[in-house]
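Asks: There's a structure below that I have some questions on.
The values are calculated or read from the model by the stated rules, or taken from the named source; none is laboratory data. Computed from a prediction, not measured in an experiment: that's the story for all the values here. Cβ placement follows ideal geometry from the backbone for every residue including glycine, while neighbour counts extend to all protein chains displayed. For the accessible areas, the whole protein counts, side chains as well, though only heavy atoms, and no ligand, DNA or RNA atoms are used. Shrake-Rupley method; radii C 1.70, N 1.55, O 1.52, S 1.80 Å.
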Amino acid sequence: MTTALRTPRTTEADLAQVQQQHGRPLYAFLLRLCDGDRQRAEDLVQETYVRAWQHPEALRSEHESVRPWLFTVGRRLAIDARRARLARPAEVGDAVLENARVCADHAERSAAALDVREAVATLSPEHRAVLLEVYFKGASVAEAAGTLGIPPGTVKSRAYYALRALRRVLPGYAPELR
């Protein structure tokens with residue numbers, strides 16, 4: 001009778017001992033490599049144990065501890081997982097798509113700009129000056145008042161009436177006033 005060569009197997013007791021002795025430090029190490037992602041670190045720990053189970057020779061080596069081997073395997077698994085994530089395009093959820101800005105094409109933007117220019121040209125020079133300072137140059141009410149030489153209350157009222165006039169001239173661009 002011939003005896004077949006038996007490959008050494010990793011027993012449950014061997015894996016339990018490895019987990020008990022090295023589980024927490026391995027998890028802490030992989031957690032740092034995963035930037036605090038607990039689920040990913042736990043997955044890597046489990047995959048490291050699978051590799052230990054598949055390679056019983058690593059557990060029965062003449063080295064003092066199996067910890068360096070476990071950390072090396074875990075580190076390589078973390079690197080491979082990161083490379084795989086970076087190689088795939090990022091997943092986009094429905095919520096991101098719903099909130100994404102819809103960019104009009106160049107022709108629509110140009111037409112809208114012409115409409116606004118024509119509408120602003122219909123305003124009085126005083127109202128146009130206030131809109132230019134406050135909305136186009138980004139000045140505060142106080143700054144616009146200083147530049148135009150008028151009181152802040154006048155800047156506010158002219159801006160209000162200028163916008164109201166623009167809403168009437170540009171009905172498709174802004175909600176109607178009631």
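Asks: What order, most packed first, do the peptides 75-81, 149-155, 33-39 have when packing is the mean number of other Cβ atoms within 10 Å of each residue?
Replies: Working: 75-81: 15.4, 149-155: 13.9, 33-39: 12.0.
So the order, starting with the most tightly packed, is 75-81, 149-155, 33-39.
Asks: Ignoring ligands, DNA and RNA, please state the percent of accessible area on the range 6-88 from carbon and sulfur, probe 1.4 Å.
Replies: Its accessible area is 48 percent carbon and sulfur atoms.
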